[in-house]
1. Of the residues that sit in segment 122-142 and are of a type in the set (G, A, S) and on the phi < 0 side of the Ramachandran plot, which one is surrounded by the most Cβ atoms within 10 Å (Cβ to Cβ)?
2. So if I check each of A145, A167, A150, A119, which one is crowded, with 16+ Cβ neighbours inside 10 Å and farther than 21 Å from S90 by Cα?
3. Which condition from (1) surrounded by 13 or more Cβ atoms within 10 Å (Cβ to Cβ); (2) assigned to a strand (DSSP E or B) is the one that D178 breaks?
4. Residues of segment 156-188 being β-branched (V, I, T), closer than 20 Å to V138 by Cα and out of contact with any strand residue (DSSP E or B) (no Cβ under 7 Å at 6 or more places or on another chain), which ones?
5. Going by the conditions given, is Q135 farther than 25 Å from V149 by Cβ and either of a type in the set (S, T, N, Q) or free of Cβ contacts under 8 Å to residues at least 12 places away in the same chain (or both)?
6. Please enumerate the residues belonging to segment 61-86 that are assigned to a strand (DSSP E or B), under 11 Å from the mean Cα position of the chain (by Cα) and either among the charged types (D, E, K, R) or closer than 14 Å to L113 by Cα (or both).
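Coordinate-derived values only; no laboratory data. Bear in mind that the values here come from a model prediction, so they are computed numbers and not experimental data. We place every Cβ from the backbone using ideal geometry, glycine too, and count neighbours over all the protein chains shown.
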Amino acid sequence: MSWRGIVTVLLLIGAALSGWALWSQRSGTAPTPTAGSQSDYVLNHFELIALDDQGDEAFSVRAPRLARDPDTRTLDIATPRFLIPAGEGSQGGPWEVRSRTGWVSAQGDELRLRGDVVANSTGADGRPVTMTTEQLNVFPESRRATSEVAVTLRQPGLIINGRDLDARLDTKRIVLQDTQTRYESTAR
């Protein structure tokens, strides 16, 4: 074999190795564009603090992934952990809300949490309050939350199941329809 043949074989082997190296290093976790649009930016492992019109904290969120839709300017968030401050003159502590997915409106005035939603806080009496549901809509500026699906409300010694939640997050006043209540002894 001539020297040109050897060089050609070496170049072919080099090209094959380069192609294989590029192929094996490509990421399999690239974001899949939604129908009609693609994110204009994506944040990974982030913390965001949103302010209201007066410059006060409306909510903060931590999550492993956020994608912004450039057309609607909304945010889609994977497994978010929202912290909603109690607000001035409120009773009890802030609300910590977790879910499988989250959506934030372009103005930041509505949060839609879906899948395994758990909201925790403390009441005015210092007792813990937990709400669980599959869907929760939160309006941070008015400190309100609503849900049209089944909701379970738990406090020590008390479990309330109902639907059509309308909650004031600052006063911890929670209204449910079609309720079933169970009292449990907390003494052991």
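1. Out of the qualifying residues, it is G123.
2. Going through A145, A167, A150, A119 in turn, the sole match is A150.
3. Among (1) surrounded by 13 or more Cβ atoms within 10 Å (Cβ to Cβ); (2) assigned to a strand (DSSP E or B), the lone unmet condition for D178 is (1).
4. If the condition is that a residue be β-branched (V, I, T), closer than 20 Å to V138 by Cα and out of contact with any strand residue (DSSP E or B) (no Cβ under 7 Å at 6 or more places or on another chain), then T171 is the only one that fits.
5. It is false that Q135 is farther than 25 Å from V149 by Cβ and either of a type in the set (S, T, N, Q) or free of Cβ contacts under 8 Å to residues at least 12 places away in the same chain (or both).
6. V61, R62, A63, R65, L66, L75, D76, I77, A78, R81, F82, L83
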